[in-house]
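Before I ask anything, here is the structure I am working with.
The values are calculated or read from the model by the stated rules, or taken from the named source; none is laboratory data. For clarity, every value in this text was computed on a predicted model and none was experimentally measured. Glycine gets a Cβ as well: all are built from the backbone with ideal geometry, and neighbour counts include every protein chain shown. The accessibility values were calculated without ligands, DNA or RNA, using every heavy atom of the protein model including side chains. Shrake-Rupley method; radii C 1.70, N 1.55, O 1.52, S 1.80 Å.
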Amino acid sequence: RFALLMERGRLLVELGRSGDAIDACRTALAAATAPADRGRALIAMAAGMRLNDRIAEGLATLDAAEPLVRTAELPLELSRLHHLRGNLLFPLGRHVDCLREHELARQRAREAGSLEAEAAALGGLGDGFYLQGRMRSAHQQFLECVALAREHGFGRLEVANLPMVGWSALHLTEIGAAVAFGHETIDLAQRASQPRAELMARALVAWGDGVLRDRREEAESQAE
């Protein structure tokens, strides 16, 4: 029962249905009997909280989960935990902590032998460099993340990080490429039910094509 509830929660996270995902993970938490399973449920719950920017709650939930998965020596779960914590620290502007958490996520991903977790960590490192204004380093990390995701079929990670390839390209004055990445993301995000990625991509196209290229109708269309 716990495993089925967890799978439902993770699928709801991937569909972007944050409220339903949190509820499903809370039900899984109640069904968990082992400390490690409680840790897994808490991490999944924090993933749902990240989707609707419940930052403080998400960080507190990860703090509760960490001793449970650390004691159980679960490197993959620890990688997910550090990655999520880095993502939650990003909007707070805590760039040093953000980079540290994503580097820890990459280390734990390699310990676990998980290419998917390593791809996620690369995207997180890109976020950390982006937050510091180190756009060339950020762009390179996002490119490596998307390439690894595409090579191994990690579609969710590809869609989530593709708009940041575009945003970092925009800061490198590669405007045409940035807009192209934006349009590509919009198409993929709609097919993958990833509204957050679509939002970021439409903002990218509105800024790059609409504002910088003076195409007002395109900017208004994307903003609408």
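If a residue has to be within 19 Å of A147 (Cβ to Cβ) and basic (K, R) to count, how many in the range 94-118 make the cut?
Number of matching residues: 2.
If you take the residues in the range 58-81 that are under 17 Å from the mean Cα position of the chain (by Cα) and of a type in the set (D, E, K, R), which one is least open to solvent (accessible area, probe 1.4 Å)?
Top of the filtered list is E77.
Separate question: What number of residues in the range 12-52 are part of a loop (DSSP other than H, G, I, E, B), open to solvent by 20 Å² or more (accessible area, probe 1.4 Å) and under 22 Å from H82 (Cβ atoms)?
In the first step, residues of the range 12-52 are kept if they are part of a loop (DSSP other than H, G, I, E, B); the result is 15-17, 32-34, 52.
Next cut, open to solvent by 20 Å² or more (accessible area, probe 1.4 Å) only: 15-17, 33-34, 52.
Narrowing the set further to residues that are under 22 Å from H82 (Cβ atoms) leaves 34, 52.
Residues meeting the conditions: 2.
Can I ask one more? Given the conditions (1) at pLDDT 95 or above; (2) farther than 20 Å from L15 by Cα, report the number of the one that M164 does not fulfil.
The number of the failed condition is (2).
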